[in-house]
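Before any comments, here is the structure.
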Amino acid sequence: YFFSCLFFRPCPLPFVVWMADKHNIVVVGHGMVGHHLLELLVARGCASNYNIIVFGDEPHKAYNRMQLSSYFAGKTVDDLSLVPDGFYETWGLQVHLNEKIVQIDRCEQRVISSEGKNITYDKLVFATGSAPLVPSITGSHLPGCFVYRKIEDLQQMSAYAEKCKRAVVLGGGLLGLEAAQAMINMGLECHVIQRSGSLMNRELNATAGKMLQQHVEGLGIRCHFFKVTKRVVGDERGVQKLEFEDGTELEIDMVIFSTGILPRDQLAKDCGLEVGPRGGIAVTDECVTTLDANVYAIGECVSHRGRTYGLVGPGNAMARVVADHIAG
């Protein structure tokens, strides 16, 4: 694992949860950063003073996205899990998996879930992460086009890859390289297409990028630089080739888009919170949202001083800030 070391709608039959004697912390999102926040809250004794209630829209416990490629090397969902056995039960955490928050009323400090749960909060934390950005190019939704973000994405890719020989990853960032490794693990020939002249160019300088390229190519991954994809060619049977702006082509059987992320901030917008100029929930240096002192945001859904972050390290740092702020 060479990169592992990132509208109001009424609810029927509302279920109101009341927990006496304790205040409520509601965490919206149960990814890597959201789980790290839980660990920090527990370590700071907050489980004794608060009911900690978590909603995650995936069916799985928090897992390590940076080791997704190992899923194709035989690892299971449980192997990727970040949650020790009994962690929820030991600390009395209430975790609702495969359940979204669909409405937030900041005046009443209340959230409503997709299953009709109606819960008041004293502190609310957005840890909703990001969604993959699929470029608006012709053919990007043909059969054989995938994003690389969740366990379900991997399961769909694994099934499709049985009839493939050559895959291409659009994007040479951290997650794109993990996706390329996954393709190699499945026994496919893999190409990485990068618009710039080096891999992970937002994080690494040219020298470090060259060293990374040598390592990646040593794994059997072929890298193509200064390439801009014009369109994906194919039909209802699947993808067939990529056409580039420079007139060249590459025959393929499968495409994985890893061309960036978009902060998942719609729920925050819907409840009137401020977002940054390029998306993301606007927060202060304490990760408190700019318009509500009882609401925090951490991780890839955040805009801090107009900047968003796509790596887990900054997200974990935000989680520490919020845990310290809540614990006092």
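The values are calculated or read from the model by the stated rules, or taken from the named source; none is laboratory data. Treat the numbers as computed from the prediction; the structure is a model and nothing was measured. Please note: Cβ atoms are built from the backbone with ideal geometry, for glycine as well, and neighbour counts cover all protein chains shown. Heavy atoms of the whole protein, side chains included, go into the accessibility calculation; ligands, DNA and RNA do not. Shrake-Rupley method; radii C 1.70, N 1.55, O 1.52, S 1.80 Å.
In a DSSP loop and with at most 13 other Cβ atoms within 10 Å, the trypsin sites (Lys or Arg not before Pro) in segment 195-244 are Arg202, Arg237.
Just the number, please: carbon plus sulfur as a percent of the accessible area of segment 236-328, 1.4 Å probe, no ligands or DNA/RNA counted. Walk me through the numbers before you get to the answer.
Values: 1970 of 4320 Å².
Percent of accessible area from carbon and sulfur atoms in segment 236-328: 46.
Which percent, to the nearest 5, of DSSP beta bridges fully inside segment 234-307 are antiparallel? Let's see the in-between values first.
Details: 9 of 12 bridges.
Of those bridges, close to 75 percent are antiparallel.
Of all DSSP beta bridges in the chain, what percent run antiparallel (nearest 5)? It would help to have the intermediate numbers written out before the result.
Numbers: 24 of 65 bridges.
Looking only at bridges with both residues in the chain, the antiparallel portion is about 35 percent.
Accessible area per residue for segment 46-103 is 46 Å², calculated with a 1.4 Å probe on protein heavy atoms, without ligands, DNA or RNA. Simple spin-label estimate for Arg320 and Thr207 gives 2.8 nm between the two label positions (7 Å along the Cα-to-Cβ direction from each Cα). Positive-end ranking of Ile52, His23, Leu204 along the dipole of the chain, with charges on Cβ about the Cα centre, is headed by Leu204.
Taken about its Cα centre, segment 228-328 carries a charge dipole of roughly 240 debye when the Cβ of each Lys and Arg holds +1 and the Cβ of each Asp and Glu holds -1.
Calculated mean residue ellipticity at 222 nm for the chain: -7000 deg cm²/dmol, from DSSP H runs with n ≥ 4 weighted as -39500 (n - 2.57), summed, divided by the residue count and rounded to 500.
When a 1.4 Å probe is rolled over the protein heavy atoms, the share of accessible surface on segment 54-188 that falls to carbon and sulfur comes to 46 percent.
When the listed pairs Lys61/Lys163; Lys75/Lys165; Lys100/Lys269; Lys165/Lys210 are checked against a 19 Å cut-off, the alpha-carbon distance exceeds it for Lys61/Lys163; Lys75/Lys165; Lys165/Lys210.
Projecting the Cα atoms of Ile261, His96, Leu80 onto the dipole axis of the chain, where Lys and Arg carry +1 and Asp and Glu carry -1 at the beta carbon, places Ile261 farthest toward the positive end. For Glu217 and Asp122, the FRET efficiency from 1/(1 + (r/R0)^6), where r spans their Cβ atoms and R0 equals 41 Å, is about 0.20.
Would you please name the chymotrypsin sites (Phe, Trp or Tyr not before Pro) within segment 14-87 that are DSSP coil residues with at most 13 other C-beta atoms within 10 Å of their C-beta?
Working: sites: Phe15, Trp18, Tyr50, Phe55, Tyr63, Tyr71, Phe72, Phe87; in loops: Trp18.
Loop-located and lightly packed - Trp18.
Tell me the per residue accessible area of segment 140-256 using a 1.4 Å probe; a whole number in Å² is fine. Display every interim value, and only then the final one.
On the way: 5580 Å² over 117 residues.
Ligands and nucleic acids excluded, the result is 48 Å² per residue.
Percent relative contact order of segment 85-211, based on C-alpha pairs within less than 8 angstrom and at least six residues apart? Could you put the intermediate results ahead of the total?
Working: 113 pairs, mean separation 15.4, N = 127.
Computed value for segment 85-211: 12 percent relative contact order.
Only one residue of Gly176, Pro277, Phe244 has its Cα farthest out toward the positive end of the dipole of the chain, where Lys and Arg carry +1 and Asp and Glu -1 on Cβ, and that residue is Phe244.
Zone of Glu236 (label point 7 Å along Cα→Cβ, backbone N under 18 Å): which residues in segment 103-143? So the set is 139-143.
Mind ranking Val125, Val321 by accessible surface for me, highest first, 1.4 Å probe?
Working: Val125 0, Val321 55 Å².
Correct descending sequence by accessible area is Val321, Val125.
Using Cβ point charges alone (K and R +1, D and E -1), the dipole size of the chain about the Cα centre works out to roughly 520 debye. For segment 178-212, the list of GluC sites (Glu not before Pro) that fall in a loop by DSSP and count at most 10 other C-beta atoms within 10 angstrom is empty. Restricting to segment 180-328, what percent of DSSP beta bridges are antiparallel, rounded to 5? Bridges in segment 180-328 that DSSP calls antiparallel: roughly 60 percent. Other residues within the sphere of radius under 14 Å centred on the Cβ of Lys75, judged by their own Cβ, net out at -2 (K and R +1, D and E -1).
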